[in-house]
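Working notes for the structure below.
Values quoted throughout were computed directly from the atomic coordinates according to the rules given, and no laboratory measurement underlies them. Keep in mind that what you see is a predicted model, and the values were worked out from it rather than measured. For neighbour counting, all protein chains shown are included, and Cβ atoms are generated from backbone atoms with ideal geometry for every residue, glycine included.
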Amino acid sequence: MKNKNSFTAYLLIGIGLYFLFRQLKLPIFTDFYSWPTLLIIIGLALVIYSFQTKDYQQLFSGTIILGLGIHFHGIQHYVFWIDHWAMYPLIIGIAFLVRYFKTKQGLVPGLILIGLSSILIFSINIPTWFDWIYDIIDFIAIYWPVVLIGIGIYFLKKKK
């Protein structure tokens, strides 16, 4: 019974601290008065809840939300932050690895996404014999909604 409301408790504590710091106008926290901080709070609440209840399936979504919050915060406040679309598959790959360390599921997709993201983030300096990667990326950039539609249809047709 104790763990039932712990996610809500962590979320309320985090949001309460956010608004308290905002009201007090503490100079050290001025960079954190933005919407990405709320994503960070939600992601941290999910990760902490997942570890506390040992429901490690929540690690994946918590890590993604936390990673997106950190990424959007970094884009807004740090000039050195990498603003490249390949950061999103990198965040998902890290989420797979975090979940893998507790559930032993998702190692291969995590490593593939992290490797592919690393190549694409630094793709400005790749040799010319890797130009075929740009063709694949252009194809994916056009037709990725079809993949979402296909996954949705699969979930509708999938038997329970």
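Some notes on this structure:
- Shape analysis of the stretch 1-48 based on the Cα gyration tensor places the equivalent ellipsoid semi-axes at 23, 11, 6 Å, largest first.
- Packing-based ranking of 142-151, 50-59, 89-98 yields 89-98, 50-59, 142-151, ordered from highest to lowest mean Cβ neighbour count within 10 Å.
- Compared with the dominant principal axis of the Cα atoms in the chain, helix 35-53 is inclined by about 80°.
- F51-D131 pseudo-label distance in nm [points 7 Å out on the Cα-to-Cβ vector]: 4.9 nm
- Projected area, mean over directions - the chain, Cα convex hull, nm²: 13.1 nm²
- A Förster radius of 25 Å, combined with the Cβ-Cβ distance separating I119 from I151, puts the computed FRET efficiency at roughly 0.55.
- Using the alpha carbons alone, the radius of gyration of the stretch 90-160 stands to its Kirkwood radius in an Rg to Rh ratio of 1.08.
- Radius 15 Å from Cβ of S123, net charge of other residues (Lys, Arg +1; Asp, Glu -1): -4
- In order through the stretch 57-68: 3J(HN,Hα) via Karplus (6.51 cos²θ - 1.76 cosθ + 1.60), integer Hz, x for Gly, Pro: 5, 6, 4, 4, 5, x, 5, 5, 5, 4, x, 5
- Karplus-derived 3J(HN,Hα) values for the stretch 82-95, using 6.51 cos²θ - 1.76 cosθ + 1.60 with θ = phi - 60°, are 6, 9, 9, 5, 6, 5, 5, x, 5, 4, 5, x, 5, 4 Hz; glycine and proline are entered as x.
- Modelled label positions at N5 and L24, each set 7 Å beyond Cα in the direction of Cβ, lie 2.5 nm from each other.
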